[in-house]
Each structure stands twice: as structure tokens, then as C-alpha cells.
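J.: Questions regarding the structure given below will be posed in turn.
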Amino acid sequence: METSKAQKKKKWFLPLVLSLLLSTFLIFITVFTSSSSASRLYKAHVRNDIPHFVESKLKVSDTNKDPVPRLAYLISGSMGDGESLKRTLKALYHPRNQYAVHLDLEASAEERLELVRFVRNEPMFEKLGNVRVVVRANLVTYRGPTMVTNTLHAAAILLKEGGKWDWFINLSASDYPLVTQDDMLHVLSSIPRTLNFIEHTSDIGWKEYQRAKPVIIDPGLYSVQKSDVFWVTEKRSVPSAYKLFTGSAWMMLSRPFVEYMVWGWDNLPRIVLMYYANFLSSPEGYFHTVICNAEEFRNTTVSHDLHFISWDNPPKQHPHFLTADDYQRMVDSNAPFARKFGRNESVLSKIDSELLGCNADGYVPGGWLSTGANANATLPDYTIKNVTTLRPGPGAERLKRLITGLLSAEDFHAKQCT
């Protein structure tokens, strides 16, 4: 009986053991393959799920490879500046460059329309198409942030419509060149196009208490009538998220930096703009603060505004109006621009004849422009030659001395954003 039971037990025990072994093997295989598949699926999921941000598609443009650079100018003015603006524009004109001209809303509609007619009807501009009027004029308040927004507006227009250019230069109708554009382009062709000429310092001194801590409101941000800024009674602390810099409102900025300011793939330009919206004389600090707090641009600065300006010592709110008494100092400064000039100031004619060689129409002849044998030719008779042909003169030597001195100075790098 017991033998029979033992035999029956053996019959079912062996299949049970085999089935358990088979089940264990299958479970092992299942777990191994599942974990391996899950691992592959997880890796594939992670690899394919990397987010594609718009910012990753935006980058600073490569610098232009043309041997001769191109400049983009903003020339701005206000009520009564129309004729001065036209004169400055002609003295600065070169077919390689791009120009935006702007009369603010304080100028009458007739004066602004006259500027539009002038640009449309001037044969040279019509022929080459590189001058544009900012027809949607801005209200610009002196010492207010609307001066900054006007500069950004013009820069955006020139980025959109001006093709390839290398530097952006902001001027007013009371500025005037001391060198020809052939001189400028000749000297600038030999330096890196990533450089930004922007006079700056972090030693803001008295400006901390008189400009950084007070809060001002610019009526130009919301009104159609120009009026002076006004102060709010409350004070604010100096920013701790970034360091403040100050300097000249006149500058020559590289295209990469202008794109950074306008396209805005980094939030720093917008944050700082919001702060400077309530800052007195914000054009003297906004661009400077952004460039010196941006990692990719802080080592591109040259602390000079490329201007001759006659100030009191210590400086007052306005510089002196320049006259013939300042002529030699202007020349000796080696600067390419000077300000500020009164309307129809007689020294401008001296600059035209002795430094620029302006013709009767107000243009500065160069390698690109010839009147042929007819010295009294009118504009339609002008022959536009190869626009990369430059004919630099004595102004190029002066400007070269200035630029070479700035870039070779022992403390050049030490002055960058300090």
C-alpha cells in the first residue's frame, strides 16, 4: 500500500518540479527582456523628447566678410532741426551705408513731411535707396527713456530693412562729421567688427543719488504733447541683480550687440530697460549697463564715444556750442564726429571746405563719386563708381591715430566694463 502511494507521489512530483523550473525560467526571461525593452524605450523617449526652444534657434549673426565694412546711421532731430538734419545726412552719405532719419513729434507735420519729400526727391537717395525716414515719428523727451526707445526703434528698422551692415551709429542733427566716410570705412576695415565704441564706467558717483535712486516719469511714454519729466517722491535702492554703468549717450555699436538688444533672446535687455524707464538721462546708462552685464559682450567694449565735445569742468547738463574758436581742438582730437553745433553755425562751412571737401550739393566726394570733367555737374549727372573703392585722406590718418591709440593702450583691457 505504502509502495503504491510512493509510486503515485513520484508520478506527480517530477512534473511539478519541471513545471516550476520552466515557470522560473520563463519569468526570468520575461523580466530580463522587459527591463531591457523598457530601458531602450526610456532611452529613446528621453532622446526624442528634448525640448526645442525658440531661443535655441536664435543666435548672433556672423560678422560681415566684406573687406570694406558698412555703417548704419540714425540721425535724429526735433522741432526746427530739419535743415540741419539734411546737411548732416549729406555730409555723412556713402552708398555702402544705411541711414534712418527721424524728426520727433514736437516737429510740425509740415516739417516732417518736408523731410519725407526731400528723401524721396533727392536723386542720389532715390537712385540707391539706402535712406529711409522713420515716418511713424516718436515723441522724444530730453533726458527721458523715450530717447532710448527711439534709438531701439531705428536700430530695429535698420536690422529689418538695411541688409548687411557692421556698426550702428546714433547721431543728432546737431552732430557733424570731421572725417569723410571714405576715411571712416578705410580705418574701420582693419579692426574687429565685434568691437563696441561706448564710453562707460561703473563709477557712477553722484549719479547714484541724483539719477539711480530717484524715480522719474517720462510723459513721452503716454502723452502726445512734449513736456519735461517729473519726479516721484519715493526713492528706490540701487539694483543688486546687475551692476550699473554710465557714460556717453553717443556710441558706435556692433551688429551682434544690436541684434542682442533688439531680438531679445536673453531677458537682460528687457529687464534693464524696465529699470531705466524711470531713470533720469537713461541714454547715458542703459546700453552701458546691458553690455557690461552680458557675458558675451563685456569684453568687446572700447571706452570712447568717437566724439569731440566741449564740456564745462565739472560737466553741466549741456555741452558748449562749438564755434570757429574750437576748430583746431576738434581737428587735434582725431575724433570722427563733433557736437554740438548751432543751426547754420559758420564753422560748419570751414569743416566742409577744409576737412571734408564737400561739393556744392553738400556731398563729400570719394572713391565712389565722380563728376567727370564737369565741375558744375548736377546730381543726376553724377557717376557712381565701384562703392568699395575708397579714397582716404588726412582724416583717415587722424582717425587711425585715435583708434590705434585706444586699442594699443596698456590699460585697454583693464578699462573694459570696470
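The values are calculated or read from the model by the stated rules, or taken from the named source; none is laboratory data. Bear in mind that the values here come from a model prediction, so they are computed numbers and not experimental data. A quick note on method: Cβ atoms are made from the backbone with ideal geometry, for glycine too, and the neighbour counts reach across all protein chains shown.
J.: Give all pairs with beta carbons closer than 6 Å in which a residue from region 259-274 that is without any contact (Cβ under 8 Å) to a residue 40 or more places away in the chain and part of a helix (DSSP H, G or I) meets a residue that is among the polar types (S, T, N, Q) and buried (at least 17 other Cβ atoms within 10 Å of the Cβ); count only pairs at least 6 apart in sequence or on separate chains.
T.: VAL272/THR289
J.: What are the residue pairs meeting all of these: first residue in region 75-92, first residue within 13 Å of GLU122 (Cβ to Cβ), second residue part of a loop (DSSP other than H, G, I, E, B) and hydroxyl-bearing (Ser, Thr, Tyr), Cβ atoms under 9 Å, and 6 or more apart or on different chains?
T.: From region 75-92, the pairs are LYS90/TYR363.
J.: Yes or no: GLY247 touching a His at 6+ places or on another chain (Cβ under 8 Å) and of a type in the set (Gly, Ala, Ser)?
T.: Spelling it out, GLY247 is indeed touching a His at 6+ places or on another chain (Cβ under 8 Å) and of a type in the set (Gly, Ala, Ser).
J.: Filter region 134-148 for residues that are buried (at least 21 other Cβ atoms within 10 Å of the Cβ) and under 20 Å from the mean Cα position of the chain (by Cα) and give the result.
T.: Passing the criteria: VAL140, GLY144, PRO145, THR146, MET147, VAL148.
J.: Quick test for you: out of LEU306, LEU280, pick the one residue that is of a type in the set (A, V, I, L, M) and buried (at least 22 other Cβ atoms within 10 Å of the Cβ). Walk me through how you get there before you give the answer.
T.: Details: LEU280 fails: buried (at least 22 other Cβ atoms within 10 Å of the Cβ).
From the options LEU306, LEU280, the qualifying one is LEU306.
J.: I need every pair where a residue in region 158-170 that is modelled with pLDDT under 95 has its Cβ under 7 Å from the Cβ of a residue that is assigned to a loop (DSSP other than H, G, I, E, B), sequence separation at least 6 or different chains.
T.: Between residues of region 158-170 that are modelled with pLDDT under 95 and residues that are assigned to a loop (DSSP other than H, G, I, E, B), the close pairs are LYS164/ASN64; LYS164/ARG70.
J.: Evaluate the following for CYS292: is it in contact (Cβ under 8 Å) with a residue 60 or more places away in the chain and touching a strand residue (DSSP E or B) at 6+ places or on another chain (Cβ under 9 Å)?
T.: Considered against the rule, which asks whether it is in contact (Cβ under 8 Å) with a residue 60 or more places away in the chain and touching a strand residue (DSSP E or B) at 6+ places or on another chain (Cβ under 9 Å), CYS292 comes out as yes.
J.: What are the residues in region 290-312 that are over 14 Å from ILE198 (Cα atoms) and among the hydroxyl-bearing types (Ser, Thr, Tyr), if any?
T.: Scanning region 290-312 gives a single hit, SER310.
J.: Quick check on region 195-205. Is at least one of its residues out of contact with any helix residue (DSSP H, G or I) (no Cβ under 8 Å at 6 or more places or on another chain), modelled with pLDDT of 95 or more and assigned to a helix (DSSP H, G or I)?
T.: no
J.: Can you tell me which residue is surrounded by the fewest Cβ atoms within 10 Å (Cβ to Cβ) among those in region 215-258 that are modelled with pLDDT of 95 or more and assigned to a helix (DSSP H, G or I)?
T.: PRO256
J.: Checking the structure you have, find out if any residue of region 326-339 is surrounded by 13 or more Cβ atoms within 10 Å (Cβ to Cβ), at pLDDT below 95 and on the phi < 0 side of the Ramachandran plot.
T.: Looking through region 326-339, none of the residues is surrounded by 13 or more Cβ atoms within 10 Å (Cβ to Cβ), at pLDDT below 95 and on the phi < 0 side of the Ramachandran plot.
J.: Also, I was wondering about something else. Where the second residue is small (Gly, Ala, Ser) and part of a loop (DSSP other than H, G, I, E, B) and the first is closer than 14 Å to GLY247 by Cβ and in contact (Cβ under 8 Å) with a residue 60 or more places away in the chain and lies in region 202-224, which pairs have Cβ atoms under 7 Å and are six or more apart or on separate chains?
T.: Qualifying pairs under 7 Å: ARG211/SER281.
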